[in-house]
Amino acid sequence: MKVAVIQFPGSNCDADALHAARLLLDDRAQFVWHTEAGLPQGTDLVFLPGGFSYGDHLRSGAIAARSPIMGAVKAHAERGGFVLGVCNGFQVLTESGLLPGALSRNRELHFMCRPVHLRVENAGTAFTRAYQAGQIIEIPIAHGEGNYYADAETIARLEGEGQVVFRYVDNPNGSLNDIAGIVNARGTVLGMMPHPERAVEALLGSEDGQGLFESLKGALISR
């Protein structure tokens, strides 16, 4: 599996993303700078990491969504390639139109950084097959704008089509329907606010994020 981790000015979880990708998916996973026009040949997974791209100017992810590399990321997604956006990466995915909805300020209007519990809502996606439906996992959050919002029609579609894959057990930020992570209609693009790449080794406090990467690896092998 060939993995490209996109770096934007202000990314601060890019090294974490690269480490997790190399540990569990591709020992040759590489960074791709945002000004590049294309992805490395044969890329299977694009990983948009967390951080504060462009200092969160305008809106979180708004400027990064218009970086040159995003044209290639969109083309990759349109071909059915896998895309994983975590935290700021989720914000970039919504700003670029690859996922519906938007992320706004946390309900309590302050930055939150702590482990949270998620329920796996859909264990049938390429990102969640290593989990069981209803399984509770512990994954850390680190965000100030993680409050997921979409109009009622969009929420109904996401719920009805099984596109809500992770849900907060104890909602920390006010997200509608306790939504923590969603996939696109094809199930190939995942955006989530919690950080699975920070939960892949026991010394980090949880290994529950491993299932996401194991799921992706299995999905690619079976393609």
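The values are calculated or read from the model by the stated rules, or taken from the named source; none is laboratory data. Just so we're clear, the structure is a prediction, and the values are computed from it rather than from any experiment. FYI the Cβ positions are ideal-geometry reconstructions off the backbone, even for glycines, and counts take in every protein chain you see. Quick note on the areas: whole protein, heavy atoms, side chains included, nothing else; ligands and nucleic acids left out. Shrake-Rupley method; radii C 1.70, N 1.55, O 1.52, S 1.80 Å.
Across the stretch 102-134, what is the number of residues that are out of contact with any Ser or Thr (no Cβ under 9 Å at 6 or more places or on another chain), open to solvent by 50 Å² or more (accessible area, probe 1.4 Å), part of a loop (DSSP other than H, G, I, E, B) and over 17 Å from Arg59 (Cβ atoms)? Residues meeting the conditions: 5.
A count restricted to the stretch 3-51 and to residues that are part of a helix (DSSP H, G or I), out of contact with any strand residue (DSSP E or B) (no Cβ under 7 Å at 6 or more places or on another chain) and either more than 28 Å from Cys113 (Cα to Cα) or not aliphatic (A, V, I, L, M) (or both) stands at 3.
Can Glu145 be described as more than 17 Å from Asp208 (Cα to Cα), touching a residue at least 12 places away in the same chain (Cβ under 8 Å) and touching a helix residue (DSSP H, G or I) at 6+ places or on another chain (Cβ under 9 Å)? In short, yes.
Filtered by the rule that a residue be under 18 Å from Ile69 (Cα atoms) and among the basic types (Lys, Arg), the stretch 1-35 gives a lone residue, Lys2. Pairs meeting the criteria (first residue in the stretch 1-12 and under 13 Å from Val92 (Cα atoms), second residue part of a strand (DSSP E or B) and of a type in the set (Val, Ile, Thr), beta carbons under 9 Å, at least 6 apart or on different chains) are Ile6/Val32; Ile6/Val46; Gln7/Val32; Ser11/Val5. Ile137 meets the stated requirement of being in contact (Cβ under 8 Å) with a residue 60 or more places away in the chain, crowded, with 19+ Cβ neighbours inside 10 Å and more than 18 Å from Val189 (Cα to Cα).
Candidates are the residues of the stretch 64-95 that are open to solvent by 20 Å² or more (accessible area, probe 1.4 Å) and part of a loop (DSSP other than H, G, I, E, B); the one that is farthest from Ala185 (Cα to Cα) is Pro68. Residues of the stretch 1-34 that are touching a Ser or Thr at 6+ places or on another chain (Cβ under 7 Å) and among the polar types (S, T, N, Q): Ser11 alone.
Restricting to the stretch 163-180, count the residues that are assigned to a loop (DSSP other than H, G, I, E, B) and hydrophobic (A, V, I, L, M, F, W, C).
1
Output yes when any residue across the stretch 184-202 is of a type outside the set (D, E, K, R), within 26 Å of Gly97 (Cβ to Cβ) and open to solvent by 70 Å² or more (accessible area, probe 1.4 Å), and no when none is. Yes. The single condition from (1) in contact with a Lys or Arg (Cβ under 8 Å, 6 or more places away or on another chain); (2) crowded, with 23+ Cβ neighbours inside 10 Å that Val169 fails is (2). Selection of the stretch 181-223 for residues being among the hydroxyl-bearing types (Ser, Thr, Tyr), touching a helix residue (DSSP H, G or I) at 6+ places or on another chain (Cβ under 9 Å) and assigned to a loop (DSSP other than H, G, I, E, B) yields only Thr188. Are any of the residues in the stretch 145-164 closer than 26 Å to Lys2 by Cβ, open to solvent by less than 60 Å² (accessible area, probe 1.4 Å) and touching a Phe, Trp or Tyr at 6+ places or on another chain (Cβ under 9 Å)? Within the stretch 145-164 (the criterion being closer than 26 Å to Lys2 by Cβ, open to solvent by less than 60 Å² (accessible area, probe 1.4 Å) and touching a Phe, Trp or Tyr at 6+ places or on another chain (Cβ under 9 Å)), the answer is no, since none of the residues qualifies. When you go through (1) crowded, with 20+ Cβ neighbours inside 10 Å; (2) without any contact (Cβ under 8 Å) to a residue 24 or more places away in the chain one by one for Gly61, which number turns out not to apply? Status for Gly61: all satisfied but (2).
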